[in-house]
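Engineer: Structure incoming, see below.
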Amino acid sequence: MDSRVAVASLGGTITMTGSGAVSPTLGAGDLVRGLEVGEVGEIATLATIPGASLTFATLLETFDWASKQVREGASGVVVIQGTDTLEETAYFFDCLWPHEEPLVVTGAMRHPGLPGADGPANLAAAVAVAGAPNSRGRGAVLVLNDSVHAARWVRKTHSSLPNAFESFPGPLGLVVEGAPQYFHPAHRLPALPRPLDAPAVPLVEATVDDDGSLLDWLNVRGVVVAASGVGHVSAGMAEAISRAAFPVVVASRTGAGTTFRSTYGFAGSESDLIARGVVMAGWLCPRKARVLLRLALGAMQPVEDVFAARGGVF
Ligand code: ASP
């Protein structure tokens, strides 16, 4: 039995060193060593790569490693990785994580060689959150800049600042004097089954003067369209969606707010797209919708039901 927090690293800026431009070199042991980070148990370096090169296969291996740690008694798990894809991987873990123990993802915006490097503070906060009893039952959360964000809401909204992550309804809580304080009680949805594979699912953004003909070229098992406003595309793209032989999920490209269902009636509007068989992503942003569609297809789950269960608020 090990009631301490397990820590795995996958790479990212927090692990990057170099005499000029930096790349991932440090492992989990290097990051934890010498740091005041509370009770750390098992430590593993599962990858040493930038966030942009992470794959679903690596994430599933990480998920299995993290599950094993909590089955063996860890009070929580911290996964360290690049911030570039953290909003997607946090949601990946959140959809699959079946445990009461928290899974916390973190990283850094400034590499270890920069003044004010934020990796140590973020890691210390992440370990504190992962080990705290009031973090239980919250699934996967993202901790950066002393803020605790829900995986389904958090987005990287700035390319370089240390406070690069925001959630549209605000963070779930803050780390204060070394411990998390939450604004809402714990709430989560049942975990999805582990996927058997991870089918390729492109994310296509609908833009002005866009007839959607790109969709005709795709030979895939599903597509997410980042549509404008409450879920609108051009009349041409609506026709292309009708021709598609794969499920199409429509999310809003705006960065906040939900897709609608029945307000607008023109060709390419949300009600028209629903009539053409599209699945609306609701409050999920296009990137999270893509993660969810891949997981649903990979686990042979009905796409419409999965989005109906996870795209809404309560
Ligand atoms: N800028 C990124 C980071 O903050 C690089 C990466 O995602 O690996 O970690």
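Please treat every number below as a calculation from the coordinates, not as lab data. Computed from a predicted structure; not experimentally measured. Neighbour counts are summed over all protein chains in view; Cβ atoms, including those assigned to glycine, are modelled from backbone coordinates with ideal geometry.
Engineer: With a 10 Å Cβ neighbour count serving as the proxy for reagent exposure, in which order, fewest first, do PHE168, PHE307 appear?
Structural biologist: Least to most surrounded, the residues fall as PHE168, PHE307.
Engineer: If you don't mind, another one. Could you estimate the translational diffusion coefficient of the stretch 156-314 from the Stokes-Einstein equation, with Rh from the Kirkwood formula over C-alpha pairs, at 10 °C and 1.306 mPa s, in whole µm²/s?
Structural biologist: Here the translational diffusion coefficient equals 94 µm²/s.
Engineer: Specify the angular offset, from 0 to 90 degrees and rounded to the nearest 10, of the alpha carbon long axis of helix 56-71 from the longest principal axis of the alpha carbons in the chain.
Structural biologist: Approximately 50 degrees, to the nearest ten.
Engineer: Further question: Looking at the square roots a ≥ b ≥ c of the eigenvalues of the Cα gyration tensor of the stretch 3-79, which shape do they give, rounded for a/c under 1.5, prolate if a/b is larger than b/c, or oblate?
Structural biologist: oblate
Engineer: Compute a Gaussian network model of the chain, connecting alpha carbons closer than 10 Å, and tell me which residue from VAL291, VAL77, VAL127 fluctuates the most.
Structural biologist: Largest GNM mean-square fluctuation: VAL291.
Engineer: Give the average over all directions of the projected area of the C-alpha convex hull of the chain, one decimal, in nm².
Structural biologist: The number I arrive at for the chain is 16.2 nm².
Engineer: Extension gain GLU100-VAL22, at 0.36 nm per residue separation less the Cα-Cα distance, in nm?
Structural biologist: Difference between extended and current length: 24.4 nm.
Engineer: Rounded to whole Hz and in sequence order, give me ³J(HN,Hα) for the stretch 212-229 from the Karplus expression 6.51 cos²θ - 1.76 cosθ + 1.60, θ = phi - 60°, writing x for Gly and Pro.
Structural biologist: x, 5, 3, 4, 5, 8, 8, 10, 9, 9, x, 9, 10, 9, 7, 8, 7, x
Engineer: By average Cβ neighbour count within 10 Å, what is the ranking of 227-237, 56-66, 3-13 from highest down?
Structural biologist: 3-13, 227-237, 56-66
Engineer: What does the charge count around GLY236 come to, taking other residues whose C-beta lies under 9 Å from its C-beta (Lys +1, Arg +1, Asp -1, Glu -1)?
Structural biologist: Local net charge: -3.
Engineer: Now, a different point. Once each part is reduced to its C-alpha centroid, what is the distance from the stretch 169-228 to the stretch 93-145 in angstrom?
Structural biologist: 19
Engineer: How much length, in nm to one decimal, is gained on full extension between ALA235 and SER262, taken as 0.36 nm per residue of separation minus their Cα-Cα distance?
Structural biologist: Answer, rounded to one decimal: 8.0 nm.
Engineer: Let me ask you something else. Within a 10 angstrom radius of the beta carbon, how do TYR264, TYR91 rank from fewest other beta carbons to most?
Structural biologist: Result, fewest neighbours first: TYR264, TYR91.
Engineer: Over the Cα atoms of the stretch 171-246, what radius of gyration and what Dmax do you get, in Å?
Structural biologist: So, for the stretch 171-246, Rg and Dmax equal 19.5, 56 Å respectively.
Engineer: How far is the Cα center of the stretch 237-277 from the Cα center of the stretch 34-67, in Å?
Structural biologist: What the calculation gives is 37 Å, centre to centre.
Engineer: Let me ask you something else. Under 1.5 on a/c is rounded, so check that first for the stretch 17-175, then, if it is not, pick prolate when a/b is larger than b/c and oblate when it is not; a ≥ b ≥ c are the square roots of the alpha carbon gyration tensor eigenvalues.
Structural biologist: It is rounded, given that a/c, with a ≥ b ≥ c, falls under 1.5.
Engineer: Sorting check: for 284-290, 219-225, 32-38, which peptide has the highest mean count of neighbouring beta carbons within 10 Å, and how do the rest follow?
Structural biologist: Listed from highest to lowest mean packing, they are 284-290, 219-225, 32-38.
Engineer: Go ahead and estimate [θ] at 222 nm for the chain from helices alone: -39,500 (n - 2.57) per DSSP H run with n ≥ 4, summed, over the residue count, rounded to 500.
Structural biologist: Calculated at 222 nm, the ellipticity per residue is -7500 deg cm²/dmol.
Engineer: Could you give the length gained on full extension between SER160 and ALA200, defined as 0.36 nm per residue of separation minus the Cα-Cα distance, in nm?
Structural biologist: Extra length from SER160 to ALA200 when fully extended: 11.5 nm.
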